[in-house]
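Have a look at the structure below, then the notes.
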Amino acid sequence: MANIIITGANGNLGLAVTKNFLDKGYRVIATVIHEDVKKDLGAHKNLHTEVVNLTNEDETQFFVQRVLDKYNKIDAAIMLVGGFAVGTISSTTTKDIRQQISLNFETAYNVTRPLFQHMIENNYGRLIFIGARPALKPDAGKDLLAYGLGKSLLFKLTAVLNEEARGKNVTASVIVPSTIDTPANRKSMPDANADEWVKPGQLAGVLDFVISETGSALREAVLKVYSNA
């Protein structure tokens, strides 16, 4: 049985992704930020849920080590934890930028750092990050400056990881969705055409493909999942 870590598993995307991998027969090690949201994931014989503050490097490393001690091998990790902020350069402070880097980059880096070494030693592993269009396109990022800057570091990290893992069966990929069809996004953008947005289930399917044997030939992948948005 393959073991996969999914961070932010109780979010709208996280719930869909977690269900998808449990249905496919994976053992899912899920992280949430509060004890009271563990119930959102329900119960499953192959689901292991832990409360972890992924912005805390020491706490995250202890979590990864516990998981490795318990299951011996982690085959993949999908980093879904993140944050969002609106603001142009005139309204964005360095505090805003630091917060977005902490939520969107450090939460992924703190999991990746110990896992990457483990995967290199085992000559197998899949690391998947969730990017964002504002990190790639200035016209999309000018009103989301801190958010775009925080997400942009994931692309650089992915490139460095893939270079270091060259010749190994260890890959890092970035999935870049457009607007995801979630209740929160529908509420905040009531006049938008949600039919054009990416569905959580569609993203879950893309993640499944990247981790699957079919997707094993992918290298240095940046996959833009925009639908019609």
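Rule-based calculations on the coordinates, nothing more; no lab input. Everything numeric here is computed off the predicted structure, so don't read it as measured data. Every residue, glycine among them, receives a Cβ derived from its backbone with ideal geometry; neighbour counts consider all protein chains shown.
For V176, nonlocal amide neighbours, meaning residues 5 or more places apart or on other chains whose placed amide H falls under 5 Å from its own, are G131, L223, K224, V225.
Compute the Rg/Rh shape ratio of region 3-225: radius of gyration over Kirkwood radius, all on alpha-carbon atoms. Before the final figure, lay out each step's value.
Numbers: Rg = 16.8 Å, Rh = 17.8 Å.
Here the Rg-to-Rh quotient is 0.95.
Ordering D36, D143, D96 from the fewest to the most neighbouring beta carbons within 10 Å gives D36, D143, D96. With K and R counted +1 and D and E -1, the other residues having a Cβ less than 13 Å from that of I33 yield a net charge of -4. The A194 and T88 beta-carbon pair, evaluated with R₀ = 22 Å, returns a calculated FRET efficiency of approximately 0.30.
If a spin label sat at a point 7 angstrom from the Cα of Q61 along the line to its beta carbon, the backbone N atoms of region 110-149 nearer than 19 Å would be those of 110-121.
Over all other residues within a Cβ to Cβ distance under 14 Å of F155, the charged ones net out to +3, with Lys and Arg as +1 and Asp and Glu as -1.
For L144, the residues whose amide H sits under 5 Å from its own are G87, ignoring neighbours fewer than 5 places away on the same chain, with H placed 1.01 Å from N. As a rough footprinting exposure proxy, the listed residues E106, E35, E164 were ranked by other beta carbons within 10 Å of their own, and the order from fewest upward is E35, E164, E106. Across region 106-118, coupling constants 3J(HN,Hα) worked out from phi with the 6.51/-1.76/1.60 Karplus curve, θ = phi - 60°, read 5, 4, 7, 5, 5, 7, 5, 4, x, 5, 4, 4, 4 Hz, and Gly and Pro carry x. Charge tally around V225: other residues with Cβ under 11 Å, Lys/Arg +1 each, Asp/Glu -1 each, net +3. Going from the residue with the fewest nearby Cβ atoms within 10 Å to the one with the most, Y147, Y71, Y124 rank Y71, Y124, Y147. Couplings 3J(HN,Hα) for region 169-180, derived from phi with the Karplus relation 6.51 cos²θ - 1.76 cosθ + 1.60 (θ = phi - 60°), are 8, 10, 10, 10, 9, 10, 9, 10, x, 7, 5, 8 Hz, where x marks Gly and Pro. Here's the list of lysines a cross-link from K187 could span, going by alpha-carbon distance under 16 Å and ignoring same-chain residues fewer than 8 apart: K199.
Using a simple spin-label model with pseudo-atoms 7 Å out from Cα toward Cβ, K156 and N72 lie 3.9 nm apart. Label-to-label distance, D23 versus V51, with points set 7 angstrom from Cα along the beta-carbon direction: 3.0 nm.
Hydrodynamic analysis of region 1-124 uses the Kirkwood radius over alpha carbon pairs. Inserted into Stokes-Einstein at 37 °C and 0.692 mPa s, it gives a translational diffusion coefficient of 216 µm²/s. In this structure, the amide hydrogen of I6, modeled 1.01 Å from its nitrogen in the peptide plane, lies closer than 5 angstrom to those of I29, A30, T31, I78, counting only residues at least 5 positions away or on a different chain.
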